[in-house]
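Notes to accompany the following structure.
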Amino acid sequence: MNEKSVALEGVGRLAFAAFQLHSVASTTSTQDVVRTAARAGAAPGFCCLAASQSAGRGRQDRRWLAPPGSGLLFSILARMRHDRISGVPIAAGLATRAAIVSIADCDARVKWPNDILVGHRKLAGTICEVEPAAPGEGTAVVIGTGVNLTVPSFPPGVAGISLHEVMASPPSARRLLAALLPELASRLDALETTGMAPLRDEWMLHAYGIGATVTATSAAGVVTGVAEGIDDDGALLIRGDRGTVRVLAGDVHLAGREPTV
């Protein structure tokens, strides 16, 4: 395992102002590594970077599949005010998008709540999990991200894309991570200090599917209508026959498009 600590310049001191990088060749899941560290008292900024995972997961308990060395796979520990937790997925998605476009010349879009698409294909995804057993001030949130760098192909039915398809020389995992962490820290600090307003404006500027007819499947049922935006807690606003419905968690698909997983 390789370890190093790096201070971040130009960001606040809330979510994390430095990161301690633990780099491993393989693990079951970077989420599990960081959650275990959080329970043991790790400081905000504890970060696990893996070349491969045997049991990586995304939202809705889906598996995250990537051949060894073909993607950026990492998780990081942040601490937030509890009333800001619902905005963390929005901040994470925006940070991932910003880091990608700073390196790759592509029109990356954010699909609610935090998938990154190029065209109609998924390039990256994020999972955010609260760790209630972690000691310390604030609520511990473990943010895990996967970005396809040089994935040669995807399973049948998976609408994925890799950075090597949109640029001649895709970045290494470490280079993209170095670009992503300051973007994440600054957005989490903005969320903590001022709330969702600045993130909502940025999200609307880069959102995928706003103004289109969508179908959302959540624990509350299936909702179909026009996606209008997000509100102060990151919920997706869908205007349908019964008025505007707030969707806090679930899957969203555009009408006439294959589902993006």
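Worth pointing out:
- Condition met for ARG121 (of a type outside the set (A, V, I, L, M), in contact (Cβ under 8 Å) with a residue 24 or more places away in the chain and under 20 Å from PRO198 (Cα atoms)): no
- Checking ALA190, ALA185, ALA168 one by one, the residue that is modelled with pLDDT under 95, in the same structural domain as GLY45 (by TED's automatic domain parsing), assigned to a helix (DSSP H, G or I) and more than 21 Å from TRP112 (Cβ to Cβ) is ALA185 and no other.
Let's see how each residue does on (1) aliphatic (A, V, I, L, M); (2) closer than 30 Å to ASP83 by Cα; (3) surrounded by fewer than 20 Cβ atoms within 10 Å (Cβ to Cβ):
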| residue | (1), (2), (3) |
| --- | --- |
| GLY144 | no, yes, no |
| MET167 | yes, no, yes |
| ARG174 | no, no, yes |
| GLU183 | no, yes, no |
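- Single residue of ALA42, ALA78, ALA104, ALA92 found to be over 27 Å from GLY250 (Cα atoms), modelled with pLDDT of 90 or more and touching a strand residue (DSSP E or B) at 6+ places or on another chain (Cβ under 8 Å): ALA42
- Across region 113-135, the qualifying residues are those that are acidic (Asp, Glu) and either modelled with pLDDT of 95 or more or in the same structural domain as THR217 (by TED's automatic domain parsing) (or both), and the one among them that is nearest to VAL88 (Cα to Cα) is GLU129.
- Top-ranked residue of region 18-35 - restricted to ones that are in a strand (DSSP E or B) and not hydroxyl-bearing (Ser, Thr, Tyr), ranked as surrounded by the most Cβ atoms within 10 Å (Cβ to Cβ): PHE19
- The residues listed here are ALA99, ALA91; of these, the one that is out of contact with any Asp or Glu (no Cβ under 7 Å at 6 or more places or on another chain) and not in a strand (DSSP E or B) is ALA91.
- Conditions (1) more than 20 Å from ILE210 (Cα to Cα); (2) surrounded by 19 or more Cβ atoms within 10 Å (Cβ to Cβ); number of the one not met by THR139: (2)
- Some residue of region 200-216 being within 21 Å of ARG79 (Cα to Cα) and outside the structural domain of MET80 (by TED's automatic domain parsing): no
- Complete set of residues in region 229-245 that are within 21 Å of the chain's Cα centre (by Cα) and surrounded by 14 or more Cβ atoms within 10 Å (Cβ to Cβ): GLY229, ILE230, ASP231, ASP233, GLY234, ALA235, LEU236, LEU237
- Contact map, region 20-33: residues that are within 12 Å of ALA173 (Cβ to Cβ) paired with residues that are aromatic (Phe, Trp, Tyr) and part of a strand (DSSP E or B), Cβ distance under 6 Å, separation 6+ or inter-chain. Pairs shown: THR30/PHE74.
- Subset of region 193-229 (residues that are closer than 16 Å to PHE16 by Cβ and at pLDDT 95 or above): none
Results for (1) in contact (Cβ under 8 Å) with a residue 12 or more places away in the chain; (2) of a type outside the set (A, V, I, L, M, F, W, C), shown as yes or no for each residue.
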position: LEU177; (1), (2): yes, no
position: MET204; (1), (2): yes, no
position: THR213; (1), (2): yes, yes
position: VAL222; (1), (2): no, no
position: GLY229; (1), (2): yes, yes
position: LEU237; (1), (2): no, no
position: GLY240; (1), (2): yes, yes
position: LEU248; (1), (2): yes, no
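The values are calculated or read from the model by the stated rules, or taken from the named source; none is laboratory data. Worth saying up front: this structure is predicted, and the values here are computed from it rather than measured. Cβ coordinates were reconstructed from backbone atoms using ideal geometry, including for glycine residues, and neighbour counts include every protein chain displayed.
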